[in-house]
Ligand SMILES: Cc1ncc(COP(=O)(O)O)c(C=O)c1O
């Protein structure tokens with residue numbers, strides 16, 4: 001086999017948004033219209049476009065995915081005295097939003113054969129104060145929603161789905177984000193579609209939609225200017241961001257297809273390599289976000305941090321999997337399910353490899369070759 005040379009770009013980034021003529025055209029149109037704050041045609045088109053895509057009645061755009069989570073909890077009436085189940089393995093914003101709402105996160109372990117949350121561990125973490133669960137479809141993989149929804153029905157728990165990394169993913173033929181009361185999304189630059197910074201709450205419930213809109217805009221009455229029904233936030237998205245988001249939404253099928261193609265190439269290059277666990281089936285559909293690889297410490301010739309250091313040296317900006325929350329300062333004393341063993345293993349052995357539409361097939365071949373050499377202990 002011919003040697004694979006390093007790509008010409010200095011470092012292959014972990015992610016990079018795909019922004020083209022359509023984004024430029026829509027953003028320019030928004031700019032020229034002078035509607036640059038949080039009113040404007042692109043906002044309503046983006047909110048409607050997202051709701052239609054999800055098969056739901058309402059989309060309420062926000063300033064980012066974290067504010068979408070906080071807004072969802074506020075609209076659902078989650079607050080002081082309440083406990084909210086959150087996975088121990090997630091980006092910290094999931095738990096931070098619970099604390100922002102004045103409630104207490106209770107950490108739930110992952111499954112043994114998948115990084116997503118374990119419904120049995122969730123059942124063990126319940127208390128008389130548990131009001132809600134935030135289900136995170138992590139790394140674009142749908143959670144095992146059947147047992148989770150059963151548990152929530154039995155215990156009258158509210159369900160928020162954190163779909164920051166899973167836009168477009170389905171479970172049992174339904175888009176994630178519509179399986180509980182509210183689904184939240186992030187449009188940060190590394191996500192499937194981006195608005196720069198941005199987020200969205202999706203729901204089918206008109207009462208919740210009203211509450212989301214009031215909380216989002218200072219607690220102000222939509223019908224009576226400067227009349228504040230309640231205390232609220234300013235979590236609005238700008239029309240400029242929504243213009244970018246609408247262009248991205250229109251291009252999403254192509255963006256997802258390109259991601260899938262690159263993921264398949266990664267699978268082909270890494271599947272079966274000694275020490276590498278890749279290509280995990282999920283109980284629902286998957287979409288392709290960053291590419292996750294987990295090390296089998298007994299088989300791999302390097303540990304996780306050595307692999308990351310080799311890749312960084314070789315011009316690949318790979319990242320560690322999220323650290324388990326219970327190991328980090330703000331969350332060490334949080335209540336939790338009896339065991340955090342699985343989430344700890346996933347968190348400490350995982351590596352996220354670059355995946356974004358403009359990554360080239362040659363770059364994927366280069367990255368998989370560097371990973372293979374590192375795992376075989378021959379990366380130099
Ligand atoms: C699972 C998850 N939840 C929430 C967020 C927060 O989104 P944002 O960065 O837009 O606030 C992110 C990521 O960025 C995420 O990955």
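Return yes when residue 208 is more than 21 Å from residue 146 (Cα to Cα), surrounded by fewer than 21 Cβ atoms within 10 Å (Cβ to Cβ), in the same structural domain as residue 26 (by TED's automatic domain parsing) and at pLDDT 95 or above and no when it is not.
Yes; evaluated as a whole, the condition is true for this residue.
Go through the stretch 253-288 and give me each residue that's within 21 Å of residue 301 (Cβ to Cβ) and in a loop (DSSP other than H, G, I, E, B). Listed by number, the residues that qualify are 271, 272, 273, 274, 275, 278, 279.
Checking the structure you have, find out if any residue of the stretch 46-54 is under 10 Å from residue 239 (Cα atoms) and assigned by TED's automatic domain parsing to the domain that holds residue 238. Scanning the stretch 46-54, I find at least one residue that is under 10 Å from residue 239 (Cα atoms) and assigned by TED's automatic domain parsing to the domain that holds residue 238, so the answer is yes. Out of all the residues in the stretch 326-344, which are more than 16 Å from residue 139 (Cα to Cα) and surrounded by 16 or more Cβ atoms within 10 Å (Cβ to Cβ)? Matches in the stretch 326-344: 326, 331, 334, 336, 337, 340, 342, 344. Whenever a residue of the stretch 87-101 is within 13 Å of residue 335 (Cα to Cα), its partners that are near the ligand (Cβ under 9 Å from one of its atoms), lying with C-beta atoms within less than 6 angstrom and at least six residues away or across chains, give the pairs 87/136.
Any residue at all in the stretch 182-196 that is closer than 30 Å to residue 150 by Cα, crowded, with 24+ Cβ neighbours inside 10 Å and more than 16 Å from the ligand (Cβ to nearest atom)? No - not one qualifying residue is present in the stretch 182-196. Kindly indicate whether any position in the stretch 239-250 is on the phi < 0 side of the Ramachandran plot, in contact (Cβ under 8 Å) with a residue 12 or more places away in the chain, part of a loop (DSSP other than H, G, I, E, B) and in contact with a helix residue (DSSP H, G or I) (Cβ under 6 Å, 6 or more places away or on another chain). No: the stretch 239-250 contains no residue that is on the phi < 0 side of the Ramachandran plot, in contact (Cβ under 8 Å) with a residue 12 or more places away in the chain, part of a loop (DSSP other than H, G, I, E, B) and in contact with a helix residue (DSSP H, G or I) (Cβ under 6 Å, 6 or more places away or on another chain). Could you identify the single residue in 163, 152, 169 that is within 11 Å of the ligand (Cβ to nearest atom) and modelled with pLDDT of 95 or more? Of 163, 152, 169, the one residue that is within 11 Å of the ligand (Cβ to nearest atom) and modelled with pLDDT of 95 or more is 163. Tell me, yes or no, whether the stretch 245-264 has at least one residue that is in contact with a strand residue (DSSP E or B) (Cβ under 9 Å, 6 or more places away or on another chain) and within 16 Å of the ligand (Cβ to nearest atom). Scanning the stretch 245-264 turns up at least one residue that is in contact with a strand residue (DSSP E or B) (Cβ under 9 Å, 6 or more places away or on another chain) and within 16 Å of the ligand (Cβ to nearest atom). Restricting attention to the stretch 291-313, the residues that are in a loop (DSSP other than H, G, I, E, B) and buried (at least 21 other Cβ atoms within 10 Å of the Cβ) add up to 1.
Conditions (1) in contact with a helix residue (DSSP H, G or I) (Cβ under 6 Å, 6 or more places away or on another chain); (2) in contact (Cβ under 8 Å) with a residue 12 or more places away in the chain; (3) surrounded by fewer than 24 Cβ atoms within 10 Å (Cβ to Cβ), marked per residue:
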site: 68; (1), (2), (3): no, yes, no
site: 75; (1), (2), (3): yes, yes, no
site: 105; (1), (2), (3): yes, yes, no
site: 130; (1), (2), (3): no, yes, yes
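The values are calculated or read from the model by the stated rules, or taken from the named source; none is laboratory data. In this text the structure is predicted, and so the values were computed from the model without any measurement. All Cβ positions, even for glycine, are placed from backbone atoms using ideal geometry, and neighbour counts span all protein chains on display.
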